[in-house]
Amino acid sequence: MAGRVYCTYFDHNYLSRGLALYQSLQRHAPGSRLWVLCLSDQAYDVLGKLGLPHIVPIRMAEFEAAEPEVAATRATRTPVEYYFTCTPAWILFVAGRETETEWITYLDGDLYFFQSPEAVYDELPDASVAIIPHRYPRQLEKRLLKFGVYNVGWVGIRRDEAGLAVAAWWRARCIEWCHDYVDGDRFADQRYLDSFPTLSSRVKIVENVGANLAPWNVGNYVIDISAGQIILDSATPLIFFHFQGLRKGLRWFVFNSHRYYRTPFSRDVRRHIYLPYVQELLEIEAKIESILPIAAAAPQKRFAVPDLKENVRAKLRSLVMFAIHILDIVTGRAFLVLGDRAY
């Protein structure tokens, strides 16, 4: 849509997910512009070689030159903490360059659209900021609310005074403190969202439960398939799913463990939500392997002496994780994708 642009960030290790997000967005909101902050030069190079329409890749060096206060925090934070620090500044970076747009919406790189996001924007005629609650089931609230009521996977900022003011406040807080652990009422870039409704009356909490369905809340709903659509509780179409925690285990298998969320997979969740996403990831990976040999990303010292103890530990860890994966599949906490089937 002309009045909306999107932004995200990822490195070369997350390329397939970022490109799956892009492709799903183009299918359901054709022509939507997606700005990508490339967290590695390899990611920027691959996107440049692919030359995809409606995607705007930006090197990290260019962003940091425009955001020296953010860049100054890099030395005091882990890589993931630094990426979290960048989130609100990245939104404002895009807002400063998309002067004709109405909404700038940040998307996590592991989102995937099944429907147009139009229904979300239908809720926002008078809003300047849009945030989405985690919607934790009651049995998880006590354990997980410390990470925030709202999820940073989707944050919409209208390019008006109120919206930009909230984003600027968020940017300042992330520069002050943004770490990957809970500290009082702070956690990464996410817990700051809890304060958004106190900053402006124009902050809207998105009500549509089809937005940001995720491993932590999918157990809240009965998932059905109707006329090719994924429907929650016989009423609400799935708009986008947040594939947080997805891991690729063995060469031909993809695992997702929900031990942490204690949420089993139903057959329809496995077959109609995860399987299409995994298949698209594998197709994208096959396409980009010739452009970016991922295996070369961590060069070995030429004359390094193998650490036999560490090798044994690594093999034991692999065996333990393999056993856990098998147990999760058998108990329904995880799933296995083999060929065109999900188990």
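The values are calculated or read from the model by the stated rules, or taken from the named source; none is laboratory data. Note that the structure is a prediction, hence the values are computed from the model and not measured. Positions of Cβ are generated from backbone atoms using ideal geometry, with glycine treated the same way; all protein chains shown enter the neighbour counts.
Candidates are the residues of the range 143-167 that are small (Gly, Ala, Ser) and either under 17 Å from the mean Cα position of the chain (by Cα) or not in a helix (DSSP H, G or I) (or both); the one that is surrounded by the most Cβ atoms within 10 Å (Cβ to Cβ) is 156. Among the helices (runs of 4 or more DSSP H) confined to the range 24-90, there are none with at least 3 residues that are in contact (Cβ under 8 Å) with a residue 40 or more places away in the chain, out of contact with any Asp or Glu (no Cβ under 6 Å at 6 or more places or on another chain) and exposed (fewer than 15 other Cβ atoms within 10 Å of the Cβ). Checking the stated criteria, residue 170 turns out to be surrounded by 21 or more Cβ atoms within 10 Å (Cβ to Cβ), among the aromatic types (Phe, Trp, Tyr), within 30 Å of residue 66 (Cα to Cα) and touching an Asp or Glu at 6+ places or on another chain (Cβ under 9 Å).
Every residue, every condition in (1) under 27 Å from residue 20 (Cα atoms); (2) β-branched (Val, Ile, Thr), yes or no:
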site: 78; (1), (2): yes, yes
site: 118; (1), (2): yes, no
site: 125; (1), (2): no, no
site: 146; (1), (2): no, no
site: 150; (1), (2): yes, no
site: 156; (1), (2): yes, no
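Taken over the range 232-251, the criterion of being among the hydrophobic types (A, V, I, L, M, F, W, C), over 15 Å from residue 274 (Cα atoms) and either out of contact with any Leu (no Cβ under 7 Å at 6 or more places or on another chain) or assigned to a loop (DSSP other than H, G, I, E, B) (or both) is satisfied by 235, 250. Here is a check on your reading of the model: is residue 127 crowded, with 18+ Cβ neighbours inside 10 Å and of a type in the set (Gly, Ala, Ser)? Answer is yes for this residue.
Among the residues of the range 112-137, those that are in a helix (DSSP H, G or I) and of a type in the set (A, V, I, L, M) comprise 119, 120. Screening 251, 262, 270, 247 for residues that are surrounded by fewer than 20 Cβ atoms within 10 Å (Cβ to Cβ), of a type outside the set (A, V, I, L, M, F, W, C), touching a Phe, Trp or Tyr at 6+ places or on another chain (Cβ under 6 Å) and at pLDDT below 85 leaves exactly one candidate, 247. When you look at residue 140, is it within 26 Å of residue 271 (Cβ to Cβ), modelled with pLDDT under 95 and in a helix (DSSP H, G or I), yes or no? Yes.
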